[in-house]
1. For residues in segment B:197-245 being within 14 Å of chain A (Cβ to nearest Cβ) and free of Cβ contacts under 8 Å to residues at least 12 places away in the same chain, which is nearest to B:Asp713 (Cα to Cα)?
2. For residues that are of a type in the set (Ser, Thr, Tyr), surrounded by 19 or more Cβ atoms within 10 Å (Cβ to Cβ) and within 39 Å of the chain's Cα centre (by Cα), tally how many sit in segment A:223-260.
3. Condition first: assigned to a loop (DSSP other than H, G, I, E, B), on the phi < 0 side of the Ramachandran plot and within 8 Å of chain B (Cβ to nearest Cβ). Can you find one or more residues in segment A:227-234 that meet it?
4. Can you work out which of the residues in segment B:316-347 that are of a type in the set (S, T, N, Q) and under 20 Å from B:Val378 (Cα atoms) is nearest to the other protein chains (Cβ to nearest Cβ)?
5. Assess whether A:Ser34 counts as being at pLDDT below 85, in contact with a strand residue (DSSP E or B) (Cβ under 6 Å, 6 or more places away or on another chain) and assigned to a loop (DSSP other than H, G, I, E, B).
6. List the strands (runs of 3 or more DSSP E) inside segment B:534-590, counting only whole elements, that have at least 2 residues being in contact (Cβ under 8 Å) with a residue 12 or more places away in the chain and over 16 Å from B:Ala676 (Cα atoms).
7. Would you pick out the residues in segment B:44-61 that are modelled with pLDDT of 75 or more and either crowded, with 17+ Cβ neighbours inside 10 Å or outside the structural domain of B:Gln93 (by TED's automatic domain parsing) (or both)?
8. Can you report the number of residues in segment B:637-670 which are more than 19 Å from B:Asn529 (Cα to Cα) and among the hydrophobic types (A, V, I, L, M, F, W, C)?
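The values are calculated or read from the model by the stated rules, or taken from the named source; none is laboratory data. None of these values were measured; they are calculated from a predicted model. When we count neighbours, we look across all protein chains shown, and the Cβ atoms used for this are built from the backbone with ideal geometry, even at glycine.
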Amino acid sequence: MPLLDVRSITSRREFVQRLAAATTATLLLPEPFSEAGTQESLVVHPVAKADSIIVLWMAGGMAAPDTFDPKKYKPFEVGLAVPDVISTFPSIPTAVDAVRICQGLEEIASVLDRATLIRSHVQPDLGSILHSRHQYHWHTGYVPPQTVACPHIGAWMARVLGPRNPVMPAFINIGQRLEGIGENEEIKAFTTAGFFGSEFGPMNLPFPEEAARAVQPPKGMDPGRFSSRYSFFKKLVRNSPARDYISDYHQESMLRSLDNAHRLLGAKEREAFDITREPNEVLKQYDTGRFGRGCLLARRLVENGARYVEVTTEYIPFVHWDTHDRGHETLTKLKKEIDRPIATLIRDLEIRGLLDRTLVVIASEFSRDMITEGQPGSKAGDQANSPKDFLLLPNHYGQHRHFTGGSTVVMFGGGVKKGFVYGKTADERPCMAVEHPVSVSDLHATLFSAMGMSPKTVFDIEGRPFYATDDGKGKPIDAIFS
Amino acid sequence: MRRFFILAACCGLFALLAVAEAEEVPIDFAHDIVPIVRVHCGKCHTGDARQGGFSMNTRSSALAGGDSTTPGFVAGQASQSEIIRRIMSSDPQERMPSEGPALPVESIALLRRWIDTQAPWTEGFAFKGTGYESPLTIRTIELPPAQNGRTHPIDRVVDAYWEKNSIARPRPSDDRTFMRRVTLDLVGLLPPPQRVKAFVEDTNPAKRAVLVREILAQNLDYAEHWMTFWNDLLRNDYSGTGFITGGRRQITTWLHRSLLDNMPYDGFVRHLVSPIDESRGFIDGIVWRGEVNASQIVPIQFAQNISQTFLGINLKCASCHDSFIDRWTLQQTYDLAAIYSNSPLELHRCDKATGSKATPRWLFEEIGRVDPDASPHVRLEQLANLMTSPDNGWLSRTIVNRLWHRLMGRGFVHPVDSMRNRPWNEDLLELLSQHLIEHAWDLKSVLEFIVTSETYAACTPPVFDQAQNADFIFMGPLPKRMTSEQFTDAVWMLTGTAPLKPDAEVVRIKRDKALPALRPIEALWIWSNALAASDPGEKLAFHKQFTLPAAVSHAAVVSTCDNEHTLFLNGKRICAGSEWSVPVGELVTTELVHGTNDVTVVAANGVAGGPAALKVEFHGRLIDGSEFNVHTDDSWEWTTAIPNANGRFPKDHEPGDWKKASVITNQNVWAGASRAFDTRLAGITVDGPMPMVRAVLMKGTSLMAALGRPNRDQVVTSRPVDLTTLEAIQLANEPSLADEFARGSRQILDQHGPQADALLRWMFEASLSRSPTSEETASALEMLGEKPTAESIADCLWAIVMLPEFQLIR
């Protein structure tokens, strides 16, 4: 597979020429920052530990106490005192001695010896806690609103690292619709390359089972007609009377993009988008629903050279992880949907020898706690002040409140330590991170560094420096890498 | 004595240092050090200035020191460092800065800590002030003599510039190139082929100037092209963040009307800065849910947006701290914001309150002040007057630079929001600004001034590498990529698939009140039965024959059907619709004849079934002045036989079973359409057919976004120049676009017939404003086949539309 090693390319010109899929150089795209003018950014990138990254996004706020950070547990009973219980699932053993996670994640537990758990991820308190603002922050590294359109971290990687395989889009976003759901404008605001321009933006594939269609000829056009249409186009270009412009920069770049598109649409890699090409038993292994199918698609895309793939459980207000009622019941179902596909993805990548160079990250915009909801002006600690309450109804049994003081991020592969736990949260409410708190900036710095990109990478936008992590200050957590 | 002083100063300093160290806040180069260097050292030791041979542009130049061999600093040892020694020196010969007050002790402390902690420097950062700022007021320039009879003032300046830079003048463009370019640039549309032909054949030597006037007089087309530009600049959209909670308002109706009326630019800006209710949405910004950073509160958004949009000044940096890259300060930003604010503003530095208050002031008090004690309403009025004062050269320079950028592919000042960058030609910028002011702030006049120059009309020279940096040399106009809206409009125009209803609330046609009111609509909903009962997908032909006693001077038809219909008049397809609430119509002055007229409508119920009904009304005036009216009622007839593509039945297949149509008993079922029906007919009768709904009036789709239409949460002033791979994928297979080509090609086949060479000629002329070459004809005929089908037409047209020649405006 002709993967492109961007790091070996020395000059910008060569970069532009070789990066066939990317029409990076334009008049208006921001340039690597240097007030002195046009030279390359002088940022030194670290040596990459991973070539691809898959972010498994648990949209809506995945409660750490009910997933990867078990606390004291009691089953529901009428009159259960809230202070007596934090987790609504009992803990289970994992492949790592002394590390336990919550019931319902048995499959993931069995591959946890390949993982690092960061149990001390913290988010800023954005006042009245809103999913889309936190998701914006998590995906761009910047708290909205901002004066410029901030790029998604996938767009940063697409811009700085480029595609691994020139015919594959560098940044692919699976499972999130951008229309027809609540808060869709807010979701769109960060599902973008922002000021980098749409070349570096996501290829959105909301339905994994329909992904193949995104790279197929239009409906009703057979491949023969599709390719003869393009050959005719090329003939017209060759015969163009405007000969002066044959090697014009604008024309060349436009033709290159059209060519790349048709190469993908005609290439073998196109099959990567078609999950139905998997053997039936593999498909069944993943197919717990849309998210599971998304994991399978992600694996196929990474195998074929995708750089950044995100698979989301889809954010819809009050659906999936956004539990404000019947939390325990919802999570029981949700875990069934994510457990087997995630574990299968890890094993599959391992079998294929890809796990060492693929970073898989499970994350969410914040955690949850059982009882109280953040109020405007409240601090993270206050969010979990439990009233002295008793549960009377089973639908109140669950994690119904937002909590930004401590959540868990799980990472597999890509050079992270195996069977390692970093940071911890308090055992009693509020379950704040009490050891090695990891901010969004530092987490991003960790992901960027693992991928071989400096967290200080900087671009000039409107004459101002704009960094990959807020003000260039994100620090990678070196301790989690072996 | 002297020694004692230094000691005292140092003691104070040490005390301060001790406090700072106790807090262990690491030095932040960008925020702590850069501003000090800019303010105190910048004038003599950054950018081009290197007094005493000492430049602080980069860490290594600062380390190297100046003409003396002493290094500028010793990393890790502030007390051994020359910079620190000089700023703390009490010897006036030695002390830095050599003019003005000494550095504050806090700044000295920061610099010491910075050096003591190894003088960290943001990688890649270098000081380089632009060092440029035009005088506030526009100056009158002296025009160089005309060369070779090129007398246009723009050409006189450009010719002198080219001569000085030894640039060969690009050759003039031919008529077709010029017409396509100027039409797309001024009104955003492809020129109609018959108009191109007439223009090329016109022998009037002044025909280009005449054409420009005619195009600029297409007020609606002009407004709906420039609306794209202004929506971006004014952050206006029909959907987006903020609307869901009422935190944001549109200015759509006001904006559309202002452009339609070509409101003078000073008035336009006044309406936006000191708004009427309809134009408030711009300065009121977006009220975000939840808590926001101090730099994003609405008054700060106001300061940022008006300065960026109208003055080309970037206050975004200066919203958190004094700008590192420009001369604007945090105080200036807050003072400007305070003009808007209803309550006193406290300065926040990097989101932390500073305790000092803002005073309502604007940026250039040389030409006048805002009364800080007046009410916000009065302050905004005063600000609007100051901003639009002819003495404020920032306003005129910024807009003419933006217009030049749109027309020529690059501004005099680049990028267009940094008006403190040096223009590549100051005189031209002054010339255009002066033109704007002298022509009563008429933006169309500036556009006309530019596009009537030979400089604009020159061929675009090929570009072999991107031109971007400060040493830009103007060689001639640059190609521009079609905007998302231009591309979409062009496809809709070629395929006839524009949407029927705009999303934007705009008044597209102004009714002329002088014309007599139309008489009430008399048309009735009819079908084969009075209950409107119909099978799903049922298709019927309705027919009416009528006689006109004289020739027609003016006539129109409007029709609608539940669910879809096509109307034919005297063997010609007139209009078709597929949404009953949106009546369609056309002028039929030339189609109606003195004598017998035949109208046939093919009407069909939707596949989902439900009631079906048809409504048609002709309205017009005969040359004798009398009015006539023909409409659906029970005198119409229907049959299940379906006519051919011209609405005719072959001679030997005339249906023999015409039946009388029934007026639907309950006419109120479709009451929702009656006003639209009335307005539509009135609109067409008075003003001609409703112009195509344009992309700028529609909510953004994912395809439009992919083609570069921005998310308008922020002010956007330029669009992406390159077509990207993801966009190219969409151009190849996006369903809505593919559907437009598929539907369009069936209509094209209907309208132009199946003659391959005629079809081909039309496609090239309509798309590229030129005929195909013989080579192109040969390959295209092969593609189209002997008998072109809708499919082969769609593919041929798609290929033409994908050509760089189509998508790049040259």
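1. Top of the filtered list is B:Phe243.
2. Residues in segment A:223-260 being of a type in the set (Ser, Thr, Tyr), surrounded by 19 or more Cβ atoms within 10 Å (Cβ to Cβ) and within 39 Å of the chain's Cα centre (by Cα): 4 in total.
3. Our first condition is that a residue be assigned to a loop (DSSP other than H, G, I, E, B); within segment A:227-234, this holds for none.
The answer is no, given that none of the residues of segment A:227-234 is assigned to a loop (DSSP other than H, G, I, E, B), on the phi < 0 side of the Ramachandran plot and within 8 Å of chain B (Cβ to nearest Cβ).
4. B:Thr333
5. no
6. Answer list for segment B:534-590: B:539-548, B:552-562, B:564-569, B:572-577.
7. The answer is B:Cys44, B:His45, B:Thr46, B:Phe54, B:Ser55, B:Met56, B:Asn57, B:Thr58, B:Arg59, B:Ser61.
8. Within segment B:637-670, residues that are more than 19 Å from B:Asn529 (Cα to Cα) and among the hydrophobic types (A, V, I, L, M, F, W, C) number 2.
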